[in-house]
Amino acid sequence: NLVSGDAIRRRFLDFFASRGHKILPSSSLVPDDPTVFLTIAGMLQFKPIFLGKEPRNVACATTSQKCMRTNDIENVGRTARHHTFFEMLGNFSFGDYFKKEAILWAWELTTKEFGLPPEKLWISVFQDDDEAFSIWRNEVGVPEERIKRMGEEDNFWTSGVTGPCGPCSEMYYDFHPERGSSDADLGDDSRFIEFYNLVFMQYNKKEDGSLEPLKQKNIDTGMGLERMAQILQNVPNNYETDLIFPIIEKAAHMASISYSEADDTTKTNLKVIGDHMRAVVYLISDGVMPSNIGRGYVVRRLIRRVVRTGRLIGIRGDGLGSPDGAFTPVLAETVISLSTEIDPDVSLRKTAIVEELKREELRFVQTLERGEKLLDQFLADALTQEKPCLSGKDAFLLYDTYGFPVEITAEIASERGVTVNMKEFEVEMDNQRKQSQAAHNVVKLSVGNEMEIAEGIPDTEFLGYDSLSVRAVVKG
Ligand code: ATP
Ligand code: MG
Ligand code: MG
Ligand code: MG
């Protein structure tokens with residue numbers, strides 16, 4: 001299969017290798033940099049070189065980097081293109097080539113090597129970057145109406161609060177060229193997908209926000225492998241590519257359902273499982289064990305979400321017929337079977353990964369089952385009322401102490417003819433959010449202008465999925 005995920009990765013790396021780039025391995029998801037929480041992009045392992053703090057060993061390099069973006073958790077399964085764990089293909093120049101070569105190669109790679117029709121490609125450039133605009137228009141020949149000038153938010157890339165940064169230029173694929181170009185909006189994800197970002201890395205952002213020119217002009221790029229796979233495999237979203245779909249099919253099979261016949265909510269649940277299973281396997285493989293602090297808490301919450309979501313779609317026990325078993329180890333086997341080209345170390349660590357998941361899942365299930373008993377009592381009480389209704393406070397207690405998502409509570413309640421006071425539940429949630437925001441110093445775990453400081457945080461609590469943005473709350 002010429003367009004398998006593995007083939008796309010190989011062809012990207014070979015394309016740049018034959019143009020003088022050294023193929024380097026992915027670095028760990030846990031960066032060798034105390035100021036960075038998790039590896040969010042391919043450039044992180046090269047940060048000291050970009051900043052001139054370390055000498056370069058090669059003039060240019062190419063990688064397929066394992067990445068983890070906790071700020072995209074809420075997008076998982078809801079947009080067609082976001083994951084927490086994904087692979088970023090990149091080509092890098094350390095003071096060697098710059099804008100023109102990067103743009104010309106990006107065009108050749110996407111149109112010749114990957115064969116994307118030029119008329120379906122759109123470009124964004126930073127608003128002031130006339131040079132990039134004119135290379136795309138005059139040297140590549142992209143019609144002016146398909147080159148958009150955009151602001152800092154989209155087209156000025158920074159790896160963190162401080163650090164190397166610069167204007168960027170992105171490539172978008174158009175799934176609906178028949179809609180014309182007059183009022184096309186690259187942010188419309190029913191039509192466009194961003195798949196390749198070229199960063200013209202020429203500044204160091206200082207503590208005070210000022211931009212200091214770097215000694216050398218560098219190139220840092222990122223192409224989402226799953227996104228290119230979606231385009232080339234002609235499937236409606238990243239999740240249905242060969243990189244992730246086998247995990248989803250496995251989960252569906254364990255729940256005795258079919259993905260293609262499932263409703264949208266169930267499909268989203270299956271996508272969440274597919275995404276989070278990859279994330280936890282690669283995180284554990286890179287040494288992040290479930291715990292209550294920092295990165296470990298990310299893993300713990302992701303595992304819990306998989307377990308709860310799995311139960312929601314009907315997976316019981318180990319999913320293979322044994323009621324007392326754990327199912328995340330079974331799904332992990334599928335993830336690991338797909339890992340060879342992504343990270344050869346993962347299969348070597350298989351036993352440890354599977355054991356860790358089993359322990360964590362079984363422990364969590366015990367908590368869940370204690371919660372189920374309590375829910376039984378609440379429901380029995382509610383049934384003595386004229387209009388049986390579970391209070392929001394009780395639903396919140398189940399959520400907060402026993403890890404019961406309110407949808408599960410509502411589902412079980414409705415099977416017994418009991419409703420849940422959702423308004424009251426939301427009020428409780430809001431109160432908790434406000435309390436933790438007031439009491440703690442909030443550090444955003446996100447990409448873009450703010451980057452997280454991981455170490456030196458005494459005790460962090462991951463507020464995850466239910467709040468509008470993902471935060472680590474720093475206690476004390
Ligand atoms: P988007 O606007 O779609 O959120 P981005 O601008 O945040 O993407 P960049 O920081 O430019 O993404 O990262 C470079 C490339 O990595 C993107 O063009 C995309 O192909 C890929 N990518 C970024 N975030 C994700 C994600 N959460 N899941 C999968 N691929 C991603
Ligand atoms: Mg993004
Ligand atoms: Mg973007
Ligand atoms: Mg981008």
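Only the coordinates and a few stated rules stand behind these numbers; no lab work does. From a predicted model like this one, the values you see are computed outputs, not experimental measurements. Heads up, the Cβs are rebuilt from the backbone with ideal geometry, glycines too, and the neighbour counts pull from every protein chain shown.
Ordered by the count of other Cβ atoms within 10 Å of each Cβ, fewest first, Phe92, Phe192 give Phe192, Phe92. Return the lysines within reach of Lys66: Cα separation strictly under 17 angstrom, same-chain partners fewer than 8 residues apart disregarded; answer none if there are no such residues. Those lysines meeting the cut-off are Lys47. Within a straight-line Cα-Cα reach of under 18 Å, Lys267 can be paired with the following lysines, leaving aside sequence neighbours fewer than 8 residues apart in one chain: Lys250.
A Förster distance of 30 Å, applied to the separation of the beta-carbon atoms of Val161 and Met422, puts the FRET efficiency at 0.20. Taking amide H as placed 1.01 Å from N in the peptide plane, the amide H of Met150 sits under 5 Å from that of Val125, Phe126, Gln127, each at least 5 places away or on another chain.
Each Lys and Arg contributes +1 and each Asp and Glu -1, all at the Cβ; summed about the Cα centre of the stretch 375-425, the dipole is approximately 120 debye. Look at Lys205, Lys393, Lys112, Lys271 and count the other Cβ atoms within 10 Å of each Cβ; fewest to most, that gives Lys112, Lys393, Lys205, Lys271. Taking a sphere under 13 Å around the Cβ of Met223 and counting the other residues whose Cβ falls inside, with K and R at +1 and D and E at -1, yields a net charge of -2.
By its C-alpha gyration tensor, with a ≥ b ≥ c as the square roots of the eigenvalues, how is the stretch 5-233 shaped: rounded for a/c under 1.5, else prolate for a/b larger than b/c, else oblate? Judged from the Cα gyration tensor, the stretch 5-233 comes out rounded (a/c under 1.5). In straight-distance terms, cross-link reach from Lys120 covers every one of the lysines whose alpha-carbon lies under 16 Å from its own, apart from those fewer than eight places away in the same chain; here that gives Lys112, Lys148.
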